[in-house]
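No lab work stands behind these numbers, since they all come straight from the coordinates. Remember, it's a predicted structure, so these values are computed and weren't measured experimentally. Glycine also receives a Cβ, built like all others from the backbone with ideal geometry; neighbour counts cover every protein chain displayed.
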């Protein structure tokens with residue numbers, strides 16, 4: 001009897017680029033939840049349905065995997081249970097910031113009503129911080145995302161406010 005151990009990540013950050021693009025396309029196509037879960041599970045796990053072999057009378061279907069030489073039978077309930085492991089892909093991955101730091105108020109967590117320049121600067125500072133872990137980039141990011149409500153956006157004052 002063949003045994004197959006499948007690894008399904010539990011966070012979106014554990015997906016590789018190819019998997020993330022596939023899941024994004026599925027989300028954009030607005031599929032039903034069971035259909036989305038099944039397609040995402042099959043792609044992430046690497047299982048493929050074998051259409052050449054008819055389903056068994058018990059409802060089991062034949063699947064193949066690159067690690068196995070021969071196809072394996074998996075029943076419908078087991079597939080549905082395994083597909084549920086991909087439900088984390090439907091959960092929003094948004095972080096809601098602290099609303100106020102001293103007299104500075106946070107931007108909306110989805111950057112609604114932000115200018116394109118604010119968005120690009122915040123993304124650049126975030127990427128710079130994640131790659132270098134230098135606190136100056138984090139300070140600059142906070143100065144873009146937090147400001148006093150009576151102040152207007154001015155990109156020239158970011159360095160000054162970051163201090």
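Averaging the sequence gap over all C-alpha pairs within less than 8 Å and six or more residues apart, then dividing by the number of residues, gives the range 100-162 a relative contact order of 41 percent. Between the Cα long axis of helix 135-145 and the first principal axis of the chain there is an angle of about 80°, rounded to the nearest 10. For the chain, the longest principal axis of the C-alpha atoms and the axis of helix 33-45 are separated by about 80°.
Each label point was placed 7 Å from the Cα along the Cα-to-Cβ direction; for residue 134 and residue 87 their separation is 4.4 nm. Going through [x] 20.8; [y] 17.2; [z] 19.6, the figure that equals Kirkwood radius over Cα pairs in Å as computed for the structure here is [z]. Here the range 107-141 and the range 63-95 have alpha carbon centers that stand 36 Å from each other.
For the range 146-163 versus the range 38-59, the spacing of their alpha-carbon centroids is 55 Å.
Work out the FRET efficiency for residue 8 and residue 104 from their Cβ-Cβ distance, taking R0 = 45 Å, and round it to the nearest 0.05.
Result of the calculation: an efficiency of 0.65.
In the chain, Cα pairs under 8 Å separated by at least six residues give a relative contact order of 16 percent. With the helix formula -39500 (n - 2.57) applied to DSSP H stretches of n ≥ 4, the chain reaches a computed 222 nm mean residue ellipticity of -12500 deg cm²/dmol. The protection proxy used here, the mean number of other Cβ atoms lying within 10 Å of each residue, ranks peptides 57-64, 143-150 as follows, highest first: 143-150, 57-64. Against the main long axis of the alpha-carbon atoms of the chain, helix 116-132 sits at an angle near 70°.
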